[in-house]
1. Can you tell me which of Gly64, Gly16 is touching a strand residue (DSSP E or B) at 6+ places or on another chain (Cβ under 8 Å) and free of Cβ contacts under 8 Å to residues at least 60 places away in the same chain?
2. Modelled with pLDDT of 95 or more and out of contact with any His (no Cβ under 6 Å at 6 or more places or on another chain): which single residue out of Thr245, Thr200, Thr215, Thr275 fits that description?
3. Would you confirm whether or not region 58-70 contains a residue that is out of contact with any helix residue (DSSP H, G or I) (no Cβ under 8 Å at 6 or more places or on another chain), over 26 Å from Gly16 (Cβ atoms) and buried (at least 19 other Cβ atoms within 10 Å of the Cβ)?
4. Using the structure shown, decide if Leu94 is of a type outside the set (Gly, Ala, Ser) and in a helix (DSSP H, G or I).
5. How many residues does region 123-154 hold that are basic (Lys, Arg), within 19 Å of Thr86 (Cβ to Cβ) and surrounded by fewer than 14 Cβ atoms within 10 Å (Cβ to Cβ)?
6. Can you find, within region 235-270, the residue that is farthest from Pro31 (Cα to Cα) among those that are crowded, with 18+ Cβ neighbours inside 10 Å and touching a strand residue (DSSP E or B) at 6+ places or on another chain (Cβ under 8 Å)?
7. Could you tell me which of the residues Arg255, Arg229, Arg172 is at pLDDT 95 or above, more than 22 Å from Phe9 (Cβ to Cβ) and either in the same structural domain as Leu84 (by TED's automatic domain parsing) or not in a loop (DSSP other than H, G, I, E, B) (or both)?
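The values are calculated or read from the model by the stated rules, or taken from the named source; none is laboratory data. What you see is a predicted model, and the numbers here were worked out from it, not measured in a lab. Positions of Cβ are backbone-derived with ideal geometry, glycine not excepted, and every protein chain shown enters the neighbour counts.
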Amino acid sequence: MNSAKVQYFKPGGINGLEVLTCQDVDYRFPPHLHDAYCIWLNTCGGEHYFHSGNSNILQPGSFGIIAPGEVHSNRACENKDRELLTFYLDPQQLQKIAAQCSDKMATEMEFRTGFHNDPGSLQNLVALSRLLSHSSSILEKQSAFLDVVVQLARRFGTPVTQTMDIGSELRRTGQIIEIFHSRLADDFRLEELAATIDCTPYHLIRFFKKAVGLTPHAYLIQLRLEKARQLLNAGRSIADTALETGFTDQSHLTRHFKTKFGIPPGLYRRQVKNTQ
């Protein structure tokens, strides 16, 4: 892993957006999730990805959208060049933009996970990244960001629909995830969680992994890391962040953070602080 080739930044004047650029061809993003929409592409080559039990290649002329909370992994297909670009868009920001365009779009809008061969949208995303990195005008950055998100929403957004009745195992998986969100820093016992949803520990692990692609513990670690990133963005120390998110100590957080994000939390904190 080459930390110098992994860069996170938060464009000044734009809420609800973080951008990642990664040129490290050897770094493999392990199975993970985000609490934001993940809009990603690689302009120099293909990206091998795994999502919902399926493996495929995101071609250089395409881009992908991963919905919040969905487990995925990816790596470069080649070992020569990599220009991975990822936009992390807060779902609330999408709702605010949809509300501004309510004359032509549903006021409650979502992106569903999908992979798109759309050269126009791809070019717009690449151009937006360059502008956000180099423009000193907040007005220019905000205008370009709004324009690109509106175009994406009109092409790929769908109205939010009411959740249909789902099976018992999926409902119970949802219950466990809600418990994790409400008690993120707690030290859970498998028997306790299983008793909460009236099943055996073995059954819980089996159907949870089938539903989301990770064991309960691995999923909880992902939620803790997303919260840790939020706290670091807000200026919290690494030690306090580790304590508030359920990691045993700073080194425990650092190990998991570096595995998911490609850089240690201290470097991440400095990167986003310098670009806000």
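1. Gly64 is the lone residue from the list that is touching a strand residue (DSSP E or B) at 6+ places or on another chain (Cβ under 8 Å) and free of Cβ contacts under 8 Å to residues at least 60 places away in the same chain.
2. Going through Thr245, Thr200, Thr215, Thr275 in turn, the sole match is Thr245.
3. no
4. Answer is yes for this residue.
5. Number of matching residues: 1.
6. In this case the residue turns out to be Tyr268.
7. One residue alone meets the criteria, Arg255.
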